[in-house]
1. With a 10 Å cut-off between alpha carbons and a GNM built on the chain, which of Ile95, Ile174, Ile143 moves the most?
2. Run the numbers for Phe198 and Leu170: contour at 0.36 nm per residue of separation, minus the present Cα-Cα distance, in nm.
3. Arg37 to His119: extension gain in nm, 0.36 nm per residue of separation minus the Cα-Cα distance?
4. Let me know the charge dipole size of the chain about its Cα centre in debye, to the nearest 20, where only the beta-carbon of Lys, Arg (+1) and Asp, Glu (-1) is charged.
5. For a Förster distance of 22 Å, can you work out the FRET efficiency between the beta-carbons of Ser60 and Leu205, rounded to the nearest 0.05?
6. In the range 35-106, what trypsin sites (Lys or Arg not before Pro) fall in a loop by DSSP, with at most 16 other Cβ atoms inside 10 Å?
7. Please work out which option in (1) 19.2; (2) 18.7; (3) 19.7 gives Kirkwood radius over Cα pairs in Å calculated from these coordinates, and answer with its label.
8. Specify which residue in the list Ala141, Val131, Pro158 is farthest towards the positive end of the charge dipole of the chain, using unit charges on the beta carbon of Lys, Arg (+1) and Asp, Glu (-1), about the Cα centre.
Amino acid sequence: MIDQLYVFPILLFSVIIHEISHGWMALRLGDPTARDRGRLTLNPIPHIDLFGSILIPLMSLASTGQVFIAWAKPVPINPENFKHFTRDDILVSTIGPFSNVVLSFCCTICFIILLKIDHALSSGSGSGQQVVHYLMEMFYAGISLNIILAVFNMIPIPPLDGSHVLASLLPVSISLKYRRVGFFGIFILILLMRWEPFARSFYGLISTLMSPFMKLIGFFT
């Protein structure tokens, strides 16, 4: 487990950017709640959720050797400040997963640059090359981690981002009932992830979305 801890810096950064993106988009659409409560910051302390940011990732790493999912504290959003509720709720909800796709691309570029640096240092040895190897592992892990975060959060089951998109498109009476599922949706997610057809589709989509980034790495190596 110790040799996999390079995952945590990029994981924590990714879930924080995900939440900041929600708050930033909400601010652009007229809701300053996240800004006013000090959540539009890269300081990790206001964002860390003990359960989702630390315990769940550690348990996953200890039991499987991989981190499958994590989350930060959701940024506070007041939809009453939106001018166009349906449109704005969808934009605020989708920007988080989109930010993870962008981060996956950024991790790919960083990995390629570090790979070039590693090749330049290959004739030598020392702490410099060890740092480069550590960063390479971290950014390479960040490619898949961010795709997983994006896909997972777009599953249309409360309380995930995809559920807000679906709820905004449903008739009002059905939408209100659907939103009340709340965190009970976590149990539905656990059952779905254990259902082979769903899990196969989930990881198949992740593989498809990762393919362009892997091809980009292959092109430059």
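1. Comparing Ile95, Ile174, Ile143 in a Gaussian network model of the chain, the most mobile one is Ile174.
2. Contour length minus the Cα-Cα distance gives 7.8 nm.
3. Once the chain is fully extended between Arg37 and His119, it gains 25.0 nm.
4. 420 debye
5. According to the calculation, E is roughly 0.65.
6. Sites meeting the loop and neighbour criteria: Arg37, Lys83.
7. (2)
8. Pro158
Every read-out reported here was derived from the displayed coordinates using simple, explicitly stated rules and does not represent laboratory data. Quick caveat, the model's predicted, so the values are computed rather than measured. Note that each Cβ is placed from the backbone with ideal geometry, even for glycine, and that neighbours are counted across all protein chains shown.
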